[in-house]
Amino acid sequence: MSILITNIKQLLQVHQSNITIVKGSDMNTIPLIENAYVYIENDTIIEYGKMEDYRTIEAETIIDATGKIVLPSWCDSHTHTVYAGNRTSEFVDRINGLTYAEIANKGGGILNSAKTLQDTSEDDLYELAMQRLDELIRMGTGAVEIKTGYGLTVDAELKMLKVIKRIKQESLAKITPTLLAAHAIPEDYRAKKDDYVDLIINELIPKAVDLNIAHYIDVFCEDGYFDIKATERILKAAQKFGLRPKIHVNQFNILGGVELGVKYNALSVDHLEELDTKDIKALKGSETIAVALPGCSYFLSIPYTPARDIINAGLPLAIATDYNPGSAPSGNMNFIVGAACVKLKMSPEEAINAATINGAYAMGISNMYGSITRGKKANLIITKPLNHYSEIPYAFAHNPVEQVIINGRLKDIKNPEEIFRI
Ligand code: NIG
Ligand code: FE
């Protein structure tokens with residue numbers, strides 16, 4: 001199968017030699033070619049260049065992209081896409097004045113989603129998540145990290161992992177699974193939190209590793225959830241099995257989770273709505289990327305991650321949706337790119353870098369995804385006619401996507417019959 005896209009108004013994120021991350025002030029540049037072509041064979045980017053240098057290439061499908069922008073698909077490095085039910089009533093409770101913490105203390109929040117998920121079959125969870133993924137692909141997302149964490153029993157967590165495995169096999173999107181073993185303390189363990197951590201360490205992690213699905217470990221390191229001691233015990237146990245941390249830290253409080261993440265060579269530290277100079281210092285010189293989740297800040301009305309402090313310190317930053325039923329019930333990366341500009345004060349170039357190559361880095365896949373580079377995977381967005389790529393964050397929450405190439409397959413997102421499954 002071969003696809004040739006010609007007359008592209010702007011071909012974004014073009015890198016001659018492969019890159020895997022963009023940091024600090026470099027994030028303010030998006031290398032691009034005006035009036036470009038790109039040629040794809042099977043699932044791989046083979047060639048690209050300026051139209052003036054174009055020499056005839058035989059291709060099975062030719063797309064004339066006059067007036068349109070082509071860029072790498074969004075890489076959404078933090079989601080909880082597998083869940084059952086929704087938490088609309090908690091949303092209304094929050095509008096009426098309750099806080100996220102107050103709702104959680106009443107047995108709502110993550111425990112509420114866990115109860116529903118435990119009673120939902122693997123098949124139903126799979127179908128629900130696949131429908132969500134299809135919607136994300138229509139909005140330009142080509143790679144998605146998916147966490148467990150709504151199981152809260154060994155069986156239900158393993159059930160979630162199996163669902164994610166099926167999704168990984170069946171969806172055209174690139175999926176990276178994460179074991180969010182420690183998302184909340186189940187009701188029965190309220191008075192004996194350490195016993196739950198023991199269960200995670202002695203039973204859940206070894207059984208999960210046997211399934212060989214997830215390569216990352218996540219913990220919600222936060223007051224009322226898992227403190228630094230518990231988080232460290234889990235990261236240490238997971239490290240023995242080769243699971244690399246991608247952790248929830250500093251959403252409401254600074255407990256020292258960033259430094260701990262760096263100590264365990266976390267791939268990413270996510271949320272960071274609260275951040276201090278010690279955290280920035282810890283991230284410098286590390287291989288850990290900061291991930292901001294502006295959809296969560298928007299939905300919970302909590303502070304936005306201080307992206308400027310991170311980028312101005314010379315650090316890399318990724319942005320992701322945090323798609324989940326409690327704190328961010330939207331997986332729309334176009335909105336996230338817009339919110340990054342408006343609320344995190346990022347330039348369109350920084351936001352696009354954060355949502356493509358740096359998102360891919362935060363998923364551990366940036367050697368093959370996140371830029372237009374020869375040999376990289378063909379996951380691309382073809383926009384509607386636009387004058388400039390800045391119109392993507394400008395028209396916030398709109399869908400700028402017209403077609404996608406996902407895993408080398410051309411898909412018309414306006415066609416309701418289109419299927420995004422292998
Ligand atoms: O990333 N903060 C922890 N986990 C999710 C929210 C989960 C939920 O409320 O269901 C998050 O925001
Ligand atoms: Fe999350």
- At 0.36 nm per residue, minus the direct Cα-Cα distance, what do Phe396 and Asn35 gain on full extension? Give it in nm, one decimal, please. 127.4 nm
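Tell me the volume per residue, in Å³, of the convex hull enclosing the alpha carbons of the stretch 166-255.
Per residue, the Cα convex hull of the stretch 166-255 comes to 111 Å³.
Rounded, prolate or oblate: which fits the stretch 132-213, taking a ≥ b ≥ c as square roots of the Cα gyration tensor eigenvalues, rounded meaning a/c under 1.5, else prolate when a/b beats b/c?
prolate
When only DSSP loop residues count, what GluC sites (Glu not before Pro) in the stretch 192-296 have their Cβ near at most 15 other Cβ atoms within 10 Å? Kindly include the intermediate steps, with their values, before the conclusion.
Working: sites: Glu203, Glu222, Glu232, Glu259, Glu273, Glu274, Glu287; in loops: Glu222, Glu273, Glu274, Glu287.
Those satisfying the criteria are Glu287.
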- Message: Once you order the gyration tensor axes a ≥ b ≥ c over the Cα atoms, which shape class does the stretch 1-80 get: rounded for a/c under 1.5, otherwise prolate or oblate by comparing a/b with b/c?
- Response: prolate
- Query: Once the Cα gyration tensor of the chain is found, what semi-axes does its equivalent ellipsoid get, as square roots of 5 times the eigenvalues, in whole Å, sorted largest first?
  - Reply: 36, 22, 20
- Task: May I ask you to list the trypsin sites (Lys or Arg not before Pro) in the stretch 103-186 that are in a DSSP loop and have at most 15 other Cβ atoms within 10 Å of their Cβ?
- Result: Lys106
- Note on the structure: Carbon plus sulfur, as percent of the 1.4 Å-probe accessible area of the stretch 75-361, comes to 49
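At 20 angstrom or more along the helix axis (alpha-carbon based) and mean Kyte-Doolittle of -1.0 or higher, what helices does the chain contain? Whole DSSP H runs only. Mind showing how you got there, number by number?
Details: long enough: 122-138 (24 Å, -0.67); 154-170 (24 Å, -0.32).
Flagged H segments are 122-138, 154-170.
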- Message: Test of understanding: what is the full-extension gain from Asp210 to Asn96, defined as 0.36 nm times their sequence separation minus their Cα-Cα distance?
- Response: 36.5 nm
- Note on the structure: Under the 7 Å Cα-to-Cβ spin-label approximation, Glu52 and Lys193 lie apart by a distance in nanometres of 6.4
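Within 10 Å, count the other beta carbons around each residue, average over each peptide in 28-34, 348-354, and list them highest first.
On the way: 28-34: 15.7, 348-354: 26.4.
Top to bottom by mean Cβ count within 10 Å: 348-354, 28-34.
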- Could you work out Rg/(2.2 N^0.38 Å) for the stretch 202-258, with Rg from alpha carbons only? 1.14
- Task: State the antiparallel share, in %, of DSSP beta bridges confined to the chain, rounding to the nearest 5.
- Result: 45
- Query: Which loop-located trypsin sites (Lys or Arg not before Pro) does the stretch 215-302 contain, where loop means any DSSP state but H, G, I, E or B and the Cβ has at most 15 other Cβ atoms within 10 Å?
  - Reply: Lys284
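For every helix of n ≥ 4 consecutive DSSP H residues, a contribution of -39,500 (n - 2.57) applies; sum these over the chain, divide by its total residues, and give [θ] at 222 nm rounded to the nearest 500 deg cm²/dmol.
On the way: 16 runs with 138 residues, N = 422.
So the helix-based figure for the chain works out to -9000 deg cm²/dmol.
Taking 0.36 nm per intervening residue step and subtracting the Cα-Cα distance, what contour gain separates Lys236 from Lys345 on full extension? Before the final figure, lay out the partial values.
Working: separation 109, 0.36 × 109 = 39.24 nm, distance 3.61 nm.
Gain in length upon complete extension: 35.6 nm.
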- Item | 5 angstrom amide H check on Ile289, placed H, neighbours 5+ away | Ser268, Val269
- Note on the structure: Per the 1/(1 + (r/R0)^6) rule, R0 = 41 Å and r from the Cβ atoms of Ser25 and Lys168, FRET efficiency to 0.05 is 0.70
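The values are calculated or read from the model by the stated rules, or taken from the named source; none is laboratory data. Small disclaimer: the values here were computed from a predicted structure and weren't measured. Neighbour counts are summed over all protein chains in view; Cβ atoms, including those assigned to glycine, are modelled from backbone coordinates with ideal geometry. Each accessible area value is taken on the protein alone, full model and side chains, heavy atoms only, with ligands, DNA and RNA left out. Shrake-Rupley method; radii C 1.70, N 1.55, O 1.52, S 1.80 Å.
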